[in-house]
Amino acid sequence: MSHCLWLPAPADWTLLCDDVHVWRADLDRPESQVRSFQQLLSADEVSRAARFHFQKDRHRFIVGRGLLRMILSRYLDVVPSQVRFDYTAYGKPVLAPMSVQETVSFNVAHSDRLALYAVTRDRAIGVDIEQIRSGIDYEQIAEHFFSPTENVLLRSLPAELRSIAFFTCWTRKEAYIKAHGEGLSLPLDQFDVSFIPGEPARLVHTMGDSSKASRWSLHELHPGSGYVAALAVEGHGWRVTCWQW
């Protein structure tokens, strides 16, 4: 599926082993909703929220965490406040052990007011979203983080396509990094992704272990005008459904 149709929340939240669900949500909510979401958070999450200097950022964090708890609770069949998180050595949040329920895997990304939540079972998953912004030196950033092959391809594009191509490449690389779960200990320039406009999303090449690329799938997401996003999932043969919260 090349384009996402963002469907209303389903009545049946069954998540099969070959299902990947991606949720899109607006983090800018009325004050009354922010207060409701805050009631779902743990003490450490409330403390983290309080450390944000700007109210807008604080509210978005509260809404984002509250929504994550609400979404996961439906798959786990628990109340949102019962969802517990652990963190890997690289800072990636994962579900704390909850018997068989720990087979649920998830990842979260947000940019400006939009958030994406990706959920699946028994496989690694990563998601990333970026708002397309002007006024940044994306070519210099690419020189620092992208692979030599990616930089050659980026410079070969017409000038008017380079900005969107940069953000497309960045989100696909970040999604894979997040799915891989090792943070920036896996350097962004050690693997290549597709990003030419119109080209299907895929992990093209990985240095060191060339077979690794064939074990992962990339999928382009369309979260809304002015944004690009990507999904990285371990394995093949899964199907993605996009939901709107």
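The values are calculated or read from the model by the stated rules, or taken from the named source; none is laboratory data. Here the structure is a predicted model, which means the values were calculated and not measured. A quick note on method: Cβ atoms are made from the backbone with ideal geometry, for glycine too, and the neighbour counts reach across all protein chains shown.
Looking at Val79, Val108, Val94, Val83, which is the one that is within 22 Å of Pro10 (Cα to Cα), surrounded by 14 or more Cβ atoms within 10 Å (Cβ to Cβ), of a type in the set (A, V, I, L, M) and free of Cβ contacts under 8 Å to residues at least 24 places away in the same chain?
Testing whether each residue is within 22 Å of Pro10 (Cα to Cα), surrounded by 14 or more Cβ atoms within 10 Å (Cβ to Cβ), of a type in the set (A, V, I, L, M) and free of Cβ contacts under 8 Å to residues at least 24 places away in the same chain leaves just Val83.
Within region 176-186, track down each residue that is touching a residue at least 12 places away in the same chain (Cβ under 8 Å) and either closer than 17 Å to Ile125 by Cα or in contact with a helix residue (DSSP H, G or I) (Cβ under 8 Å, 6 or more places away or on another chain) (or both).
Scanning region 176-186 gives Tyr176, Ile177, Lys178, Ala179, His180, Gly181, Glu182, Gly183.
Any idea which residue in region 120-131 is nearest to Val20 (Cα to Cα), counting only those that are surrounded by 22 or more Cβ atoms within 10 Å (Cβ to Cβ), aliphatic (A, V, I, L, M) and touching a Ser or Thr at 6+ places or on another chain (Cβ under 7 Å)?
So, considering only residues that are surrounded by 22 or more Cβ atoms within 10 Å (Cβ to Cβ), aliphatic (A, V, I, L, M) and touching a Ser or Thr at 6+ places or on another chain (Cβ under 7 Å), the one nearest to Val20 (Cα to Cα) is Ile125.
Hey, can you tell me all the residues within region 155-175 that are under 15 Å from Ile141 (Cα atoms), surrounded by fewer than 24 Cβ atoms within 10 Å (Cβ to Cβ) and either of a type in the set (Lys, Arg) or touching a helix residue (DSSP H, G or I) at 6+ places or on another chain (Cβ under 7 Å) (or both)?
Those that are under 15 Å from Ile141 (Cα atoms), surrounded by fewer than 24 Cβ atoms within 10 Å (Cβ to Cβ) and either of a type in the set (Lys, Arg) or touching a helix residue (DSSP H, G or I) at 6+ places or on another chain (Cβ under 7 Å) (or both): Arg155, Arg162, Ser163, Ala165, Phe166.
Among the candidates Ile177, Ile164, single out the residue that is closer than 21 Å to Leu68 by Cβ and within 20 Å of the chain's Cα centre (by Cα).
After ruling out the rest, the residue left standing is Ile177.
How about region 157-186: which of its residues are closer than 16 Å to Ser134 by Cα and among the charged types (D, E, K, R)?
Glu160, Arg162
Within region 145-152, is even one residue small (Gly, Ala, Ser) and under 21 Å from Cys242 (Cα atoms)?
For region 145-152, residues small (Gly, Ala, Ser) and under 21 Å from Cys242 (Cα atoms): absent.
Could we say that Val127 is in a strand (DSSP E or B), under 22 Å from Thr206 (Cβ atoms), among the β-branched types (Val, Ile, Thr) and touching a helix residue (DSSP H, G or I) at 6+ places or on another chain (Cβ under 7 Å) here?
yes
Restricting to region 18-33, name every residue that is part of a helix (DSSP H, G or I) and more than 21 Å from Trp243 (Cβ to Cβ).
Listed by number, the residues that qualify are Glu31, Ser32.
Specify the residue that is surrounded by the fewest Cβ atoms within 10 Å (Cβ to Cβ); the eligible residues are those in region 29-50 that are among the charged types (D, E, K, R) and farther than 21 Å from Arg84 by Cβ.
Residue satisfying both the conditions and the ranking: Glu31.
Which residue is surrounded by the most Cβ atoms within 10 Å (Cβ to Cβ), if the candidates are limited to region 217-243 and must be without any contact (Cβ under 8 Å) to a residue 60 or more places away in the chain and farther than 14 Å from Ala118 by Cβ?
So, considering only residues that are without any contact (Cβ under 8 Å) to a residue 60 or more places away in the chain and farther than 14 Å from Ala118 by Cβ, the one surrounded by the most Cβ atoms within 10 Å (Cβ to Cβ) is His236.
Restricting attention to region 130-139, which residues are at pLDDT 95 or above and out of contact with any helix residue (DSSP H, G or I) (no Cβ under 8 Å at 6 or more places or on another chain)?
Within region 130-139, just Gln131 meets the criteria.
Where in region 34-111 are there strands (runs of 3 or more DSSP E), lying wholly inside it, with at least 3 residues that are at negative phi and touching a Ser or Thr at 6+ places or on another chain (Cβ under 9 Å)?
Where strands (runs of 3 or more DSSP E) fall fully within region 34-111 and carry at least 3 residues being at negative phi and touching a Ser or Thr at 6+ places or on another chain (Cβ under 9 Å), they are 104-111.
Could you check Leu15 against (1) in contact with a His (Cβ under 9 Å, 6 or more places away or on another chain); (2) under 24 Å from Val228 (Cα atoms); (3) surrounded by 15 or more Cβ atoms within 10 Å (Cβ to Cβ) and say which number it fails?
(2) is the only condition that Leu15 fails.
Working only within region 149-195, note down all residues that are modelled with pLDDT of 95 or more and in a loop (DSSP other than H, G, I, E, B).
Leu157, Pro158, Ser194, Phe195 - these are the residues of region 149-195 that are modelled with pLDDT of 95 or more and in a loop (DSSP other than H, G, I, E, B).
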